[in-house]
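Since the structure comes first, as structure tokens, the remarks are kept for the end.
The values are calculated or read from the model by the stated rules, or taken from the named source; none is laboratory data. Please read these numbers as outputs of a predicted model, since none were measured by experiment. Backbone-built Cβ (ideal geometry, glycine too); neighbour counts: all protein chains shown. When the accessible area is computed, the model is the full protein with side chains, heavy atoms only, and any ligands, DNA or RNA have been set aside. Shrake-Rupley method; radii C 1.70, N 1.55, O 1.52, S 1.80 Å.
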Amino acid sequence: MKKPVSYDHSKIEKKWQSAWKKSGIYKTSEASKKPKSYILDMFPYPSGSGLHVGHPKGYIATDVLARFKRMSGFNVLHPMGWDAFGLPAEEFALKNKIHPSIAVKKNVKRYKEQLSVLGFCYDWDREVNTTDPEYYKWTQWAFLQMHKKGLTYESHEPINWCPSCKTGLANEDLDNGKCERCGSIVEKKPIRQWVIKITDYADRLLKDLDALNWPNSIKESQKNWIGRSEGSELTFKIKNSEESISVFTTRPDTIFGVTYLVLAPESHLVEKLKPQIKNWYKVQSFIKDVAKKTQIERTAEGKEKTGVHLDGVFAINPANDEEVPVWIADYVLADYGTGAVMAVPAHDERDFVFAKKYNLPIKEVIEPVYTKTTGPDAFREGVPYKERHAAVCVIKHWSEDKYLCLDWKKNNWHGFVVGGIESLETAVDAGIREIAEETGYTNLRFVKELGGPIHAKFYQLLKEQNRFAHFHGMYFELVDDSRKEISEGEKAIHDINWVSKQEVMDYLNVDDMKLTWARFLGVEKAYVGSGIITNSGKFNGKDSESIMSEITKFCGGKTVVRYKLRDWVFSRQRYWGEPIPLVHCEKCGVVPVPEKELPLKLPNVKFYEPTGTGESPLAKIDKWVNTKCPNCKGKAKRETNTMPQWAGSCWYYLRYMDPKNKKMLVDPKKEKYWSPVDVYVGGTEHATRHLIYARFWHKFLYDIGVVSQSEPFTQLKNQGLIMGPDGQKMSKRFGNVVNPDDVVKLYGADSLRVYEMFMGPFEQAISWSTDNMIGSRRFIERVWRLKNKVVKKATLKKETETLLHKTIKKVGEDIQDFAHNTAISTMMILLNALETEENVDTKTYETLLLLLAPFTPHLADELWSQMGHKKSIHIESWPICDETKLVNDSFKITIQVNGKFRGVLETNNSEEAFVLNASKKKHEIQKHLEGKEIIKQIYVKNRLVNFVVKG
RNA sequence: GCUCGGGUGGUGGAAUGGUAGACACGGAGGACUUAAAAUCCUCUGACCUUUAAAAGUCGUGUGGGUUCGAGUCCCACCCCGAGCACCA
């Protein structure tokens with residue numbers, strides 16, 4: 001594209017960027033009486049390849065918001081910094097043979113240049129860098145406080161190990177059993193490691209989510225990740241042994257259905273039970289086989305469960321003293337619950353599959369109750385219900401392999417013949433009677449019952465009452481087609497269909513009917529829902545959900561809460577990270593490095609390749625490793641593991657408040673003024689990593705009084721990715737990366753900013769299109785050219801003036817809602833209107849510039865100064881919407897006939913009688929009313945008229 | 001499998017239950033120009049009747065429902081994306 005003569009974006013943008021730098025208008029201070037607003041971006045990890053156009057999307061949105069807030073009278077904190085420890089930087093350094101500290105410096109410089117070109121209003125005096133010793137001093141300090149509070153522990157348990165990155169990983173660092181960074185399949189490897197008890201905070205991390213103004217999806221992800229479940233811990237004694245097996249279950253109500261117990265192959269109990277195990281050799285080799293497998297092999301989809309019986313070991317069911325066999329199997333996880341489960345194959349799908357495979361008994365203890373929860377026939381909670389026993393009849397045709405189904409019209413049920421059993425009837429009698437009444441067939445024979453009762457709770461629309469029905473499934477065969485007349489009443493209720501065997505399952509749309517049919521077909525399945533207890537001694541007949549705690553108590557167990565969240569594996573066997581400030585003393589054991597010795601600096605060395613042995617490369621640096629015990633002054637060695645990449649990003653937003661404080665992590669006064677972060681913007685990829693760690697870290701700091709709020713980020717917004725023009729994720733690999741530097745050179749930063757905000761909804765992923773960007777550039781040029789029409793005084797059309805004030809209102813609202821696309825389109829509409837005016841007065845034009853200032857800061861400041869202003873537009877006040885100007889003199893009333901748009905009435909009289917009359921008189925409405933009777937007239941004041949006509 | 005999003009023209013998308021397609025891109029035609037670019041103006045969901053003006057029918061993934069009126073609310077289903085997943 002050729003550059004137009006008058007609007008030279010590169011000159012203007014450079015000019016204002018240096019002007020802002022010189023005047024320091026974006027410097028932030030706490031010494032202010034204004035209300036504060038803390039607007040934060042997720043700080044970037046400065047990689048070697050620089051930014052692509054997708055990266056700044058979030059930064060532009062926060063920049064727009066920060067500028068808007070500043071103009072609206074807020075004291076705004078809007079900082080930027082660098083997250084630079086960890087594997088990516090280290091790998092980059094190893095590959096390019098430069099020290100990571102140098103590589104990071106270089107990359108930061110490049111990122112900063114790229115960002116500055118876009119005209120962001122960051123206060124660079126507050127820049128932080130997680131690899132700066134003055135910064136990580138406080139990361140180490142926080143770790144020491146956790147250590148002091150007993151929140152850390154040293155463990156040797158097997159953890160996730162990435163063979164390619166040569167380091168242990170936390171659960172959060174995995175992606176489907178693979179290393180999130182390099183994609184290698186992760187192994188389980190026992191290595192010495194430091195672990196943080198994040199699980200102590202699981203409950204609070206979960207509960208406090210509710211109050212946050214975060215996207216649902218992120219809250220859901222975190223809920224999933226934390227994975228709270230309530231259940232019971234029950235103990236099974238082992239026959240002829242001192243040992244016992246504790247199991248965790250969410251279904252204590254099924255304990256009478258336990259037919260075996262399963263331990264995880266890794267369970268330490270197995271070794272203890274060795275004397276009793278008759279097939280020890282087989283058991284041992286099974287354990288070895290399982291240990292060899294990776295997580296992926298063990299959990300691969302569709303993988304068959306395998307296990308081995310511990311021959312000779314019997315566990316005693318605490319509910320009924322029954323002796324059940326004990327197994328070990330790979331489907332039981334060692335690190336969840338107690339590492340052991342009670343197997344109830346009748347009511348758990350996994351146990352069912354396993355029991356089928358190994359021929360273990362299946363014992364039903366719950367009769368199914370299906371409760372309808374959606375639709376007009378949903379069971380109405382809290383309303384009394386009627387109980388009823390009923391016959392359900394599967395009926396086979398006398399000559400074909402077809403089955404008699406009914407289509408209940410009002411209830412929209414597809415099912416079999418069903419009918420209540422009267423008090424003196426047997427189920428079979430009732431079935432025969434109902435079949436005759438509902439279908440007319442009279443000659444049939446009863447073949448068999450279809451299992452035990454099935455219950456259902458629903459709302460019976462025909463009788464208009466809640467029902468708790470107890471169904472008795474039966475199978476009949478017609479002998480011939482002798483049939484009597486069906487009453488009109490029955491005909492009205494349902495249609496009769498003969499459905500072929502293959503189609504019955506799809507035809508049925510009621511769960512209890514489907515189960516009846518499955519029983520008829522002989523299909524066995526675990527019923528995992530709740531229901532009525534059976535085969536369970538004194539608990540029989542009770543509602544399974546209501547007896548959880550009673551049955552737990554009865555078995556001598558206790559109710560407990562378990563989480564999927566695991567403790568945070570906090571050690572990395574790599575060089576480029578914060579050294580963990582602990583010392584191992586021969587005499588005193590683990591001793592923390594005294595706080596006054598912090599920061600414990602990472603030694604600057606030439607060789608820092610990972611060893612792959614489970615030891616950090618730091619272990620080889622004798623000079624650094626060998627130290628004195630701070631306690632006894634005896635010989636000691638430093639901890640050589642480093643912290644994970646996520647450590648530094650757990651609290652950086654606090655440091656921005658007080659970035660240069662040498663005495664503490666953050667001055668409490670400043671913290672109190674700025675906390676919490678009002679708006680936090682970043683990608684969804686941090687849902688279960690950074691955003692969980694940071695919330696945990698913050699809560700810990702809150703507990704020790706360092707911060708004043710229990711949650712760090714009040715509002716969270718996720719920007720949608722910008723995909724490549726080809727619709728794929730932007731990546732070097734696909735060669736579809738668009739570089740912002742090029743775009744800025746060609747179109748200018750303001751155009752890029754407008755385009756990225758105009759593309760579509762902020763949170764939605766969207767493809768880059770340089771073609772579409774033209775529109776944003778044109779918009780800017782038209783604003784630029786509009787100044788030729790500006791005169792001191794001019795009278796605008798009434799509707800243009802209304803539009804102006806509507807725009808002021810909408811743009812402000814939209815910016816705060818992150819609806820930038822509609823904010824911009826509204827300004828485009830205003831511009832279109834202003835262009836139709838003969839002249840535009842200065843005041844109006846300046847208002848437009850003020851509205852544009854957050855989006856196009858360079859253009860706005862340039863035109864502002866051209867209008868004769870000496871001070872920057874960015875320290876001006878946001879224009880005020882004059883509500884009185886929003887009202888039009890007349891309104892356009894939509895006229896509908898039978899709900900269809902037929903015309904518009906423009907009037908200033910909002911009286912109903914007048915509007916209805918005037919509407920009726922209109923020619924285009926007349927047409928649709930002629931010869932018809934108006935049976936209803938609807939009038940929505942000042943907006944709409946609808947004539948309902950007949951004939 | 002469970003949970004959370006989403007499905008609207010050629011394209012990106014807009015729409016407190018009330019004229020679906022704002023705004024923009026692209027396209028068509030025209031003006032200006034020696035010409036092109038840029039700019040400006042007009043048209044641009046599909047179908048259909050008509051010389052035309054104008055009107056009509058259909059139309060927001062599918063099928064039902066509620067309502068005077070549904071892209072929007074309810075039910076069932078299909079498709080796409082994301083998170084979790086042998087978590088007992």
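Probe radius 1.4 Å, ligands and nucleic acids ignored: give me the carbon and sulfur share of the accessible area of region A:671-815 as a rounded percent.
Solvent-exposed carbon and sulfur of region A:671-815 make up 50 percent of the total.
Can you divide the C-alpha Rg of region A:844-951 by 2.2 N^0.38 Å and report the result to two decimal places? Could the numbers behind the result be given before it?
Details: Rg = 23.4 Å, N = 108, 2.2 N^0.38 = 13.0 Å.
Rounded to two decimals, the normalised Rg is 1.80.
Could you give the Stokes-Einstein D for region A:475-524 in µm² per second, using the C-alpha Kirkwood radius, 25 °C, 0.890 mPa s?
This corresponds to a translational diffusion coefficient of 185 µm²/s.
Return a whole-number percent for the relative contact order of chain A, with Cα pairs under 8 Å and 6 or more residues apart as the contact set.
Across chain A, relative contact order equals 14 percent.
How large is log10 I(q)/I(0) at q = 0.16 Å⁻¹ when the Debye formula is applied to the Cα atoms of region A:465-604, each weighted equally and without solvent?
-1.13
Can you tell me how much longer the chain between A:Asp543 and A:Asp741 gets when fully stretched, taken as 0.36 nm per residue apart minus their C-alpha distance, in nm with one decimal?
Extra length from A:Asp543 to A:Asp741 when fully extended: 64.6 nm.
Could you give the length gained on full extension between A:Thr842 and A:Arg778, defined as 0.36 nm per residue of separation minus the Cα-Cα distance, in nm?
20.9 nm
Pull up the cross-link candidates among the lysines for A:Lys787, meaning alpha carbon to alpha carbon under 17 Å and not fewer than 8 places away within one chain.
Hits, sequence-local ones excluded: A:Lys843.
Work through the residues other than A:Arg785 whose Cβ is under 12 Å from its Cβ and net out their charges, Lys, Arg +1 and Asp, Glu -1.
Working: positive: A:Arg778, A:Arg782, A:Lys787, A:Lys789; negative: A:Glu781, A:Glu835.
Result for the local shell: +2.
So if we plug the beta-carbon distance of A:Val791 and A:Lys729 into 1/(1 + (r/R0)^6) with R0 = 51 Å, what FRET efficiency do we get, rounded to 0.05?
Efficiency at R0 = 51 Å is approximately 0.50.
Note the full-extension length gain between A:Arg943 and A:Glu813 as 0.36 nm times their separation in residues minus their Cα-Cα distance, in nm to one decimal.
Separation in residues times 0.36 nm, less the Cα-Cα distance, equals 44.4 nm.
Starting from the Cα of A:Ser500, step 7 Å along the direction of its Cβ; do the same at A:Gln465; then give the gap between the two resulting points in nm.
Between A:Ser500 and A:Gln465, the simple spin-label model gives 4.2 nm.
Can you send over the carbon and sulfur percentage of the accessible area for region A:509-650, probe radius 1.4 Å, protein chains only?
With neighbouring chains kept in place, the figure for region A:509-650 is 50 percent.
Against the empirical 2.2 N^0.38 Å scaling, what ratio does the C-alpha Rg of region A:882-921 come to?
1.34
Report D for region A:68-178 in µm² per second (integer): Stokes-Einstein, Kirkwood Rh on Cα pairs, 10 °C, 1.306 mPa s.
Working: Rh = 17.7 Å.
Reported coefficient: 90 µm²/s.
Lysines near A:Lys197 by alpha-carbon distance under 19 Å, same-chain residues fewer than 8 away left out - which ones?
Straight-line reach from A:Lys197, under 19 Å: A:Lys148, A:Lys149, A:Lys207, A:Lys223, A:Lys564, A:Lys699.
Roughly how big is chain A's charge dipole about its Cα centre, with Cβ charges of +1 (Lys, Arg) and -1 (Asp, Glu), in debye to the nearest 20? Walk me through the numbers on the way to the answer.
On the way: 141 positive and 123 negative charges, 920 e Å.
My answer is approximately 4420 debye.
Give the accessible surface of chain A per residue, rounded to a whole number of Å², with probe radius 1.4 Å and ligands, DNA and RNA excluded.
Roughly 46 Å² per residue, with all protein chains present.
Around A:His397, what is the net charge, scoring Lys/Arg as +1 and Asp/Glu as -1 over all other residues with Cβ under 14 Å from its Cβ? Let's see the in-between values first.
Numbers: positive: A:Lys396, A:Lys402, A:Arg445, A:Arg483, A:Lys501; negative: A:Glu400, A:Asp401, A:Glu477, A:Asp480, A:Asp481, A:Glu503.
Every neighbour counted, the sum reads -1.
Measure of size requested: the Rg and Dmax of region A:651-712, with Cα atoms as the atom set and Å as the unit; please supply both.
According to the Cα coordinates of region A:651-712, Rg and Dmax are 11.8, 35 Å.
How big, in percent, is the set of alpha carbon pairs in chain A lying more than 39 Å apart?
62 percent
Name the helices (complete DSSP H segments) of chain A with a Cα length along the long axis of 20 Å or more and a Kyte-Doolittle mean of at least -1.0, or state none.
Membrane-span-like by this criterion, though nothing is claimed about a membrane: A:56-71, A:100-117, A:770-786, A:798-816, A:820-835.
Just list whichever of A:Lys69/A:Lys809; A:Lys22/A:Lys870; A:Lys95/A:Lys606; A:Lys363/A:Lys386; A:Lys237/A:Lys542 have alpha carbons separated by over 18 Å in the model shown. Intermediate results must be reported in sequence, preceding the final value.
Values: A:Lys69/A:Lys809 14 Å; A:Lys22/A:Lys870 15 Å; A:Lys95/A:Lys606 14 Å; A:Lys363/A:Lys386 30 Å; A:Lys237/A:Lys542 27 Å.
Distance filter (> 18 Å) returns A:Lys363/A:Lys386; A:Lys237/A:Lys542.
What size of dipole, in debye to the nearest 20, comes out for region A:313-393 about its Cα centre when the only charges are +1 on Lys and Arg C-beta atoms and -1 on Asp and Glu C-beta atoms? Each step should come with its number before you reach the end.
On the way: 8 positive and 13 negative charges, 81 e Å.
I would put it at about 380 debye.
Just to confirm the filter: which chymotrypsin sites (Phe, Trp or Tyr not before Pro) across region A:377-430 are DSSP coil and have at most 15 other Cβ within 10 angstrom of their Cβ?
Answer in residue order: A:Trp398.
Taking a cut-off of 20 Å between Cα atoms, list the lysines near A:Lys514, but don't count ones fewer than 8 places away on the same chain.
Those lysines meeting the cut-off are A:Lys372, A:Lys396, A:Lys402, A:Lys409, A:Lys410, A:Lys448, A:Lys457, A:Lys501, A:Lys525.
Summing +1 for each Lys or Arg and -1 for each Asp or Glu, what net charge is found among the other residues whose Cβ lies under 14 Å from the Cβ of A:Glu912?
Values: positive: A:Lys920, A:Lys936, A:Lys941, A:Arg943; negative: A:Glu911.
Neighbour charge sum, excluding A:Glu912 itself: +3.
If you filter region A:506-538 for trypsin sites (Lys or Arg not before Pro), then keep DSSP loop positions with at most 15 other Cβ within 10 Å, what is left?
Taking region A:506-538 and a limit of 15 other Cβ atoms within 10 Å, the loop trypsin sites (Lys or Arg not before Pro) found are A:Lys525.
Kindly state, as a whole number, the per residue volume in cubic angstrom of the convex hull around the alpha carbon atoms of region A:899-944.
79 Å³
For region A:285-381, what number results from the quotient of the Cα radius of gyration and 2.2 N^0.38 Å?
1.40
Mean residue ellipticity at 222 nm from the helices of chain A, using -39,500 (n - 2.57) per DSSP H segment of n ≥ 4 over the full residue count, to the nearest 500 deg cm²/dmol? Each step should come with its number before you reach the end.
Details: 29 runs with 306 residues, N = 951.
Mean residue ellipticity, 222 nm, calculated: -9500 deg cm²/dmol.
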